[in-house]
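Heads up: the structure comes next, in structure tokens.
Just so it is clear, none of the values below were taken in a lab; they were calculated from the coordinates. Here the structure is a predicted model, which means the values were calculated and not measured. As a convention, Cβ positions derive from the backbone with ideal geometry for all residues, glycine included, and neighbour counts pool all protein chains shown.
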Amino acid sequence: MKKKLKQKQKEIFMHRVKKDILNVIDNNKGAFFGKIVMRLKYPSRVILKHLMDLKSKGIVYKDNDGGRYKMGKN
């Protein structure tokens, strides 16, 4: 079980788009979707797909006070 979890974490952090999204969120202490799209060179649909994947895994969450994406769990 631990091997699967570690492999999944490795896949997430090795994926370039996810890594870039996490960097934008971390460097800004949270970021709105529009800001993430403006900072990155990827199409918005690609960013949204990966952002929702990160959210479903509990790596990021959407703040209830304004809708800013932040690192960690809510």
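Anything in region 34-43 that is surrounded by 15 or more Cβ atoms within 10 Å (Cβ to Cβ) and farther than 15 Å from Lys19 by Cα? List them, or say none.
So in region 34-43, the residues surrounded by 15 or more Cβ atoms within 10 Å (Cβ to Cβ) come out as 35-37, 39-40, 42.
Matches in region 34-43: Lys35 only.
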Exercise for the section: Considering each residue of region 25-68, count those that are in contact with a Lys or Arg (Cβ under 8 Å, 6 or more places away or on another chain), part of a loop (DSSP other than H, G, I, E, B) and more than 17 Å from His15 (Cβ to Cβ), and give that number. Expected result: 6
Practice task
Could you grab the pairs with beta carbons closer than 9 Å, sequence gap of 6+ or different chains, first residue in region 19-45 and under 16 Å from Lys55 (Cα atoms), second one exposed (fewer than 12 other Cβ atoms within 10 Å of the Cβ) and hydrophobic (A, V, I, L, M, F, W, C)?
Solution key: Lys19/Phe13; Leu22/Phe13
Exercise for the section: Provide a single number: the residues in region 52-66 that are surrounded by 11 or more Cβ atoms within 10 Å (Cβ to Cβ) and either within 12 Å of Ala31 (Cβ to Cβ) or among the aromatic types (Phe, Trp, Tyr) (or both). Expected result: 4
